[in-house]
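Q: I am attaching a structure below and will ask some questions about it afterwards.
None of the figures in this text is laboratory data; all of them are computed from the coordinates on show. It should be emphasised that the depicted structure is a prediction, and the values quoted were computed from it without experimental measurement. Note that each Cβ is placed from the backbone with ideal geometry, even for glycine, and that neighbours are counted across all protein chains shown.
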There are 2 protein chains.
Amino acid sequence: MASVDVKKCNDNTKSGEKSKANAKSGEKSKSNAKSGGKKEVKKETGLGLSNRKDENFGEWYSEVVVSGEMIEYYDISGCYILRPWTMTIWEIMQAFFDAEIKKMKIKNCYFPLFVSPGVLQREKDHIEGFAPEVAWVTKSGESDLEVPIAIRPTSETVMYPYYSKWIRGHRDLPLKLNQWCNVVRWEFSHPTPFIRSREFLWQEGHTAFATQSEADEEVLEILELYRRIYEEYLAIPVVKGKKSELEKFAGGLYTTSVEAFIPNTGRGIQGATSHCLGQNFAKMFEINFENVKGEKAMVWQNSWAYSTRTIGVMVMVHGDDKGLVLPPKVASVQVIVIPVPYKDADMQAIFDACSATVNTLNEAGFRVEADLRDNYSPGWKYSHWEMKGVPLRIEIGPKDLANSQVRAVRRDNSAKVDIPMVNLVKQVKDMLTNIQQSLFDAAKLKRDACIDVVKTWDEFIEALGQKKMILAPWCDEEEVEKDVKARTKGEMGAAKTLCSPFDQPELPEGTICFASGKPAKKWTYWGRSY
Amino acid sequence: MASVDVKKCNDNTKSGEKSKANAKSGEKSKSNAKSGGKKEVKKETGLGLSNRKDENFGEWYSEVVVSGEMIEYYDISGCYILRPWTMTIWEIMQAFFDAEIKKMKIKNCYFPLFVSPGVLQREKDHIEGFAPEVAWVTKSGESDLEVPIAIRPTSETVMYPYYSKWIRGHRDLPLKLNQWCNVVRWEFSHPTPFIRSREFLWQEGHTAFATQSEADEEVLEILELYRRIYEEYLAIPVVKGKKSELEKFAGGLYTTSVEAFIPNTGRGIQGATSHCLGQNFAKMFEINFENVKGEKAMVWQNSWAYSTRTIGVMVMVHGDDKGLVLPPKVASVQVIVIPVPYKDADMQAIFDACSATVNTLNEAGFRVEADLRDNYSPGWKYSHWEMKGVPLRIEIGPKDLANSQVRAVRRDNSAKVDIPMVNLVKQVKDMLTNIQQSLFDAAKLKRDACIDVVKTWDEFIEALGQKKMILAPWCDEEEVEKDVKARTKGEMGAAKTLCSPFDQPELPEGTICFASGKPAKKWTYWGRSY
């Protein structure tokens, strides 16, 4: 856990709305370059990012999501347009997760967007957590509604009155439902595309069991799926662990999460959460059943969710100064094929070779396109598809044609390889697999370099100043976490617990809490966070 | 077009909220039957519907969607819970449609739920059509918003400011986007599950082209997909045609639709619409581009949508007095396998045969489940799965076991066949195909029996009284349609045009309009509608 790349942990600014202007100017140069109806070959200029990831991260992020054509800023603050380049990533993750939960016999449903105030307020802790962010509909057409109606910030209170109705006996359990939907949280602080938006897309699972052990088991099964989304699909290392009492879900029993880390800002980010709600909601919503012994019992419940935030984490972790870097498993286009014309070259033969390459690879199951536009130079196209993060570029010029080969260039490390056409499918497959793994390995190396193990308050403060993800022995007391927050308050935001990792290092007897001096009960990750 | 089954065209009442009470009482008896934790074998009583489709259609509909476990009524009027039994149908149609539009190079995106008032009101005719139904958010938490924000009733005005931004040159065209989302129309008249709800799920496609001919072509390509959803998936005959000026989409150039008909209420129902918007929105939102000649031009636009209404039409058309009848192509469970125990029978062997049957059929690609619960009688299970509309039931008893066969019973016509185990996959496949076709044929026969061709006002009034779908020669004048509406106003609602079918019967020269006496220009379907 030595810090091999401390520079990566140094921050600049927090990403946010303020860089919108910059993003727009970046866009203008692009659309400018695209607007020509005439057959004028564009230069490579004007396409790059005007911000650097290591210099001004927030502006870089806002610029790259727009220039990479993932996001368009919308005229209502905190709302964003998800463009096709984003939706494919979302749909690929959705196909994976949806199939996995169907194997677990979890069924999809759709509950209304609207909640009546009485139901929303039924669970006290829960509504306290969400009330300030709830959007209220008070009018339809020109008429005032009799009662204002809330838009779901999450659906516990929407669903559970019906769980109470549907669940009567132990044979009705487990009840396992999921929905893919939009939710609204009218936040005011630092709206950021994907990461913190007023409306976002997610799935929310809501399950009810006869016993706690079944609920406990499912919490971890789902968390493992979230880990797989991050690590296997988005190539982002995450830590699985349990949230502190202060950070757990409002109204729940305990919360588990996968936590990612953004080296550039030195902030942890909650990747997805799987909550055991215990019996708190069951009590408030009277979700009772007759158990096998014929006695009245209360159900145990879970809820769990991941959202489009996942995509923002991916952009932050992998993107670079040339633009997006998409992991092959989630990329809309995995391979872009670009013809490289030379004077006196047989252009038709080159175009045919490009089309043949696309067909061969598509038939082999890859997502491949050719950019055959004749009003852009190859260099412009390279930059364009680099900006969009396509994992692999294939160039075909006269020399390649003559040698029955193509040139493949990796987006992640710019490595170039000549591939004989006869090996095309096999080598592209290997390269994509390799890119996927390399992205994960590189991200893990960077993340690990940001982890600091501390044992004292002074070490903690020093590590926090260096924007580390800090692993420290902790007494696990809520008051101590509040105290740490208070003592670290500042312009950058206070430190808080990220999670207590399930994978606990040894905690020698007599170890004391870094903050309170009391006996430590566990190792916990601390840091600033999104 | 002779009326072979006039009785089916006779109505009762319009379906709606008022039958909620009935639906609930039907439900109570069901959940009552399910609540027992003890191993008490239930009788067949209490499971059936308390309303008859031909006697009180509205109540029957509300009861069947609840008892069939498709819908749960929600505590906000006009909002409904879509249960897993519904969602599978939706997902199957979605998988078909989404794959088809992707072949057409239409890409998915996601635009925000919220619209600012200025943008919403940009296209005058459009906002006039939707204004009374728009829900407004005016508060977040305890604070009033600076400006009220609308919830999308449809997304033309949400999207098109960005089309204006993205489209510069002819190379940016066509721009073809689609989104799967929820929309809100705060209607006050007769909320009905699926058919007329305040929030519903749909897809909305929004495309922009350089030329009208491209737009025209796509309108029909999409309409054909809608026809296939109804006819191939939901087994419902529809008429493809063009809407009148009065009935077209607010702000559009022309609207095409697929129109279904509900014999029991004698009402037409708009199944899905594919609009050519012409250049009206392009003008208001300044969606211009530089064409191949380097001149400034305006785009031609389409928008098109189908919604969860499709599912309501399916329930209305196929359901019967035993409950839902699901077409095999969209059924969550296509085959339900039920063990039939007898005294002294080898129960384990029967259960094993049930499981083996399920496995064999699942491996062959069918959606099959066994109901092995030991606290319900076979009779109760038959009724239960009939209520839920499962297309095919397989019963396995000692005799079947001895003869290496199963008994298959069709939901649609109760026909029973013994199938030798060796032929299982082949015969089940044939039966499901046959059921799908039979449902369509039966629905078409009934629908056709409701079509009346009229030429005079008197014939028209008589046919309307008999709740027909009326095909009449029309002068195609807006004032005449308004006049027909005014003259037919009444408790049941006025008659209006459904569509002018693309498949036009011959219109002999000199044919006059049934309503105005002016020269007729086309044949048009008229009737009451949802």
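Q: Considering the Cα positions of region B:335-442, please state its Rg to one decimal place and its Dmax as a whole number of Å.
A: Taking only Cα atoms of region B:335-442, I get Rg and Dmax of 13.2, 44 Å.
Q: Now for a separate question. May I ask which of A:Lys105/B:Lys329; A:Lys329/A:Lys381; B:Lys124/B:Lys482; A:Lys243/A:Lys485; A:Lys416/B:Lys103; A:Lys388/A:Lys467 have a Cα-Cα span longer than 25 Å here?
A: Result: A:Lys416/B:Lys103; A:Lys388/A:Lys467 exceed 25 Å.
Q: Bin width 10 Å, alpha-carbon pairs only: give the P(r) of region B:451-529 as whole percents, running from 0 to the bin holding the largest distance.
A: Final binned percentages: 20, 59, 19, 1.
Q: Still on this structure, please answer the following. Please determine, in degrees from 0 to 90 and to the nearest 10, the orientation of helix A:57-67 with respect to the longest principal axis defined by the Cα atoms of chain A, where the helix direction is its Cα long axis.
A: 60 degrees
Q: Another question about this same structure. Would you mind checking which residues have amide H under 5 Å from B:Phe249's amide H? H placed 1.01 Å from N; only 5 or more apart, or other chain.
A: When sequence neighbours closer than 5 places are left aside, the close amide H contacts are B:Thr255.
Q: With only Lys, Arg, Asp and Glu charged, each at its Cβ (+1 for the first two, -1 for the last two), find how big the charge dipole of region A:2-318 is about the Cα centre; round to the nearest 20 debye.
A: 720 debye
Q: Given charges of +1 on the Cβ of Lys and Arg and -1 on the Cβ of Asp and Glu, with all other atoms neutral, how large is the dipole of region A:335-442 about its Cα centre, in debye to the nearest 20?
A: Charge dipole of region A:335-442: 220 debye, to the nearest 20.
Q: A follow-up question, please. 7 Å along Cα→Cβ for the label point: how many nanometres lie between A:Ser189 and each equivalent label in the other copies, listed shortest first?
A: 4.9
Q: What number, in percent, do you get for the relative contact order of chain B if the mean sequence gap of Cα pairs under 8 Å and at least 6 apart is divided by its residue count?
A: This gives 16 percent for chain B.
Q: Taking 56 Å as R0, compute the FRET efficiency from the Cβ-Cβ separation of B:Asp430 and B:Ser50 and round it to 0.05.
A: 0.95
Q: Compute the angle between helix B:378-387 and the longest alpha-carbon principal axis of chain B, please, reported from 0 to 90 degrees and rounded to the nearest 10.
A: 10 degrees
Q: Per the Debye formula with a single identical scatterer at each Cα and no solvent contribution, what log10 I(q)/I(0) holds for the protein assembly as shown at q = 0.08, 0.09 Å⁻¹?
A: Scattering profile of the protein assembly as shown, log10 relative to I(0): -0.94, -1.17.
Q: Now for a separate question. Farthest toward the dipole's positive end in the protein assembly as shown, which of A:Val239, B:Thr273, B:Ser116, given Cβ charges of +1 (Lys, Arg) and -1 (Asp, Glu) about the Cα centre?
A: Most positive-ward Cα: A:Val239.
Q: Have a look at A:Leu401, A:Trp385, A:Val425 and report the one farthest towards the positive end of the charge dipole of region A:335-442, computed about the Cα centre with Cβ charges (Lys/Arg +1, Asp/Glu -1).
A: Final value for the positive-end residue is A:Trp385.
Q: How high is the FRET efficiency from A:Asn288 to A:Glu221, r the C-beta distance, R0 22 Å, rounded to 0.05?
A: Calculated value: 0.30.
Q: Moving to a separate point now. Specify the inter-centroid distance of region B:79-153 and region B:261-279, based on alpha-carbon positions, in whole Å.
A: When both Cα centres are located, 20 Å separates them.
Q: Also, I was wondering about something else. Could you work out [θ]222 nm for chain A from helices alone, using -39500 (n - 2.57) per DSSP H run of at least four and dividing by all its residues? Round to the nearest 500 deg cm²/dmol.
A: Rounded to the nearest 500, the figure is -10500 deg cm²/dmol.
Q: Could you tell me whether region B:269-374 comes out rounded, prolate or oblate from its Cα gyration tensor? Rule is a ≥ b ≥ c as square roots of the eigenvalues, rounded for a/c under 1.5, then prolate if a/b exceeds b/c, otherwise oblate.
A: Because a/c hits 1.5 or more and a/b exceeds b/c, region B:269-374 counts as prolate.
Q: Between B:Gly490, B:Gln466, B:Phe57, whose Cα lies farthest towards the positive end of the dipole of chain B when Lys and Arg beta carbons carry +1 and Asp and Glu beta carbons carry -1, centred on the Cα centre?
A: Farthest along the dipole direction, towards plus: B:Phe57.
Q: For A:Glu142, place a label point 7 Å from Cα along the Cα-to-Cβ direction in every copy; what are the distances to the other copies, in nm, shortest first?
A: Relative to the other copies, A:Glu142 has label-point distances of 3.3 nm.
Q: Same structure, new question: Quick one: work out the % antiparallel among DSSP beta bridges in the protein assembly as shown, nearest 5.
A: Here the antiparallel bridges make up roughly 80 percent for the protein assembly as shown.
Q: Once the piece of chain linking A:Ala356 and A:Tyr342 is laid out straight, how much longer is it, given 0.36 nm per residue of separation minus the C-alpha distance between them?
A: 3.1 nm
Q: Hey, another quick one. Do the alpha carbons of any pairs in A:Lys322/B:Lys283; A:Lys102/B:Lys429; B:Lys322/B:Lys496; A:Lys53/A:Lys496; A:Lys53/A:Lys489; A:Lys322/A:Lys468 sit beyond 30 Å of each other, and which pairs? Don't skip to the end; give the middle numbers.
A: Details: A:Lys322/B:Lys283 37 Å; A:Lys102/B:Lys429 24 Å; B:Lys322/B:Lys496 33 Å; A:Lys53/A:Lys496 25 Å; A:Lys53/A:Lys489 26 Å; A:Lys322/A:Lys468 26 Å.
Violating the 30 Å limit, Cα to Cα: A:Lys322/B:Lys283; B:Lys322/B:Lys496.
Q: Which of the aspartates and glutamates could a cross-linker bridge to B:Lys165, judged by Cα under 12 Å and excluding same-chain residues fewer than eight apart?
A: The qualifying aspartates and glutamates are A:Glu27, A:Glu72, B:Glu286.
Q: Next question. Based on the inverse mean of 1/r over its pairs of different Cα atoms, what is the Kirkwood hydrodynamic radius of chain A, in Å?
A: 25.3 Å is the Kirkwood radius here.
Q: Full extension from B:Lys485 to B:Val422: what is 0.36 nm times the residue separation minus their Cα-Cα distance, to one decimal in nm?
A: Result for the pair: 16.6 nm of gain on full extension.
Q: For region B:50-71 and region A:414-455, write down the distance between their C-alpha centroids in whole Å.
A: Using only Cα atoms to place each centre, the spacing works out to 58 Å.
Q: Roughly what angle does helix B:20-34 make with the longest principal axis of chain B, taking Cα atoms, 0 to 90 degrees, to the nearest 10?
A: Tilt relative to chain B: about 30 degrees.
Q: Whole-Hz Karplus ³J(HN,Hα) for region B:288-303, in order, using 6.51 cos²θ - 1.76 cosθ + 1.60 and θ = phi - 60°, x for Gly and Pro?
A: Ordered by residue, 3J(HN,Hα) equals 10, 8, 8, 7, 4, 7, x, 9, 6, 9, 9, 6, 9, 10, 10, 9 Hz.
Q: If I histogram all Cα-Cα distances within region A:209-265 using bins 10 Å wide from 0, what percent of pairs lands in each bin?
A: 21, 44, 29, 5, 1
Q: If each label sits 7 angstrom from Cα along the C-beta direction, how far apart, in nm, is A:Ala442 from its counterparts in the other copies?
A: The answer, with the shortest distance listed first, is 6.2 nm.
Q: Nearest 20 debye, what's the magnitude of the dipole of the protein assembly as shown about its Cα centre given +1 on Lys and Arg Cβ and -1 on Asp and Glu Cβ? Could the numbers behind the result be given before it?
A: On the way: 144 positive and 146 negative charges, 60 e Å.
My answer is approximately 280 debye.
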